[in-house]
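Laboratory data are not the source of any read-out in this text; all were calculated from the coordinates shown. These numbers come from a predicted model, not from an experiment. Because the Cβ atoms are built from the backbone with ideal geometry, glycine has one as well, and the counts that use them run over all protein chains shown.
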């Protein structure tokens, strides 16, 4: 297939600096060559412009860098929309997870019936009212589904960007109290680390794929590197102990590929400053390859 690489060097939504270098870390780890070795046509569309935090001021502590994040997400939505309309498979490289609002907006402009598999240690289901930090990278999934500030929910002119019934979270293990209440009241499906422990990753992914592809035309996958245990992915800004293993992550991506439903992919929260020899960037590259057809045999 034709793959479009889109970088989003955004760290405005995070509490720690460094994820703005994530796209470079993943590219440097050999992403293009790995995908071409699988037979894909690869074109790199470069990076979406993102403001530098030190050059801006926080106007609202409950929605930190709101205007700048909206501006970059709107720009990202246009690039993703164009790639999808041209029949390309977008691979979006973050950057903090607030970029998901722009990615999903671009896809939803073309195809409103999308399923979402959201692999993350966090639910990203906060709003300005529930977030203890005001960091917008903890809000993108809620905003994409229509919860929270209208300036976030209406990014791309599409709201909501998917039906809650078609959204599945996998690997969550660290949620804020208000976020828990909002997620429980929604129609989204979620599998915690306990679910993975009890059922195994294979069964969790079978269920997740079945739910996310029920009645949908496209399947979008967004993968936050902190879903992995920090032993395997140290280069991420909000690590949570007790995450999934490398093998479980590859199995999830392989099963998503085998479903023949995945049409777009996003990798976020790779922070080279906190990494060890670009270990997390290299792992991100390998996981992208697994989602796009790399097999053991």
- line: All-but-one check, residue 263 against (1) touching a strand residue (DSSP E or B) at 6+ places or on another chain (Cβ under 6 Å); (2) without any contact (Cβ under 8 Å) to a residue 24 or more places away in the chain, failing number (2)
field: Lone unmet requirement of (1) assigned to a loop (DSSP other than H, G, I, E, B); (2) over 21 Å from residue 97 (Cα atoms) for residue 210
entry: (1)
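Filter region 112-159 down to the residues that are assigned to a loop (DSSP other than H, G, I, E, B) and under 17 Å from residue 74 (Cβ atoms) and list them by number.
Step one: list which residues in region 112-159 are assigned to a loop (DSSP other than H, G, I, E, B), which gives 112-113, 120-135, 139, 145-149, 154, 158-159.
Selection gives 139, 148, 149, 154, 158, 159.
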query: In region 119-153, what residues are touching a helix residue (DSSP H, G or I) at 6+ places or on another chain (Cβ under 9 Å), free of Cβ contacts under 8 Å to residues at least 40 places away in the same chain and surrounded by fewer than 22 Cβ atoms within 10 Å (Cβ to Cβ)?
result: 146, 153
- line: Restricted to region 6-38 and to residues being free of Cβ contacts under 8 Å to residues at least 40 places away in the same chain and out of contact with any strand residue (DSSP E or B) (no Cβ under 8 Å at 6 or more places or on another chain), the residue farthest from residue 79 (Cα to Cα) is 37
- request: Return yes when residue 202 is in a helix (DSSP H, G or I) and either under 22 Å from residue 254 (Cβ atoms) or touching a residue at least 60 places away in the same chain (Cβ under 8 Å) (or both) and no when it is not.
  value: yes
- prompt: Right, residue 3: touching a residue at least 60 places away in the same chain (Cβ under 8 Å) and surrounded by 15 or more Cβ atoms within 10 Å (Cβ to Cβ) or not?
  reply: yes
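Among 235, 242, which is outside any helix (DSSP H, G or I) and within 18 Å of the chain's Cα centre (by Cα)?
Numbers: 242 fails: within 18 Å of the chain's Cα centre (by Cα).
It is 235.
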message: Quick check on my filter: what residues within region 16-74 are under 25 Å from residue 4 (Cα atoms), out of contact with any helix residue (DSSP H, G or I) (no Cβ under 9 Å at 6 or more places or on another chain) and assigned to a loop (DSSP other than H, G, I, E, B)?
response: 39, 40
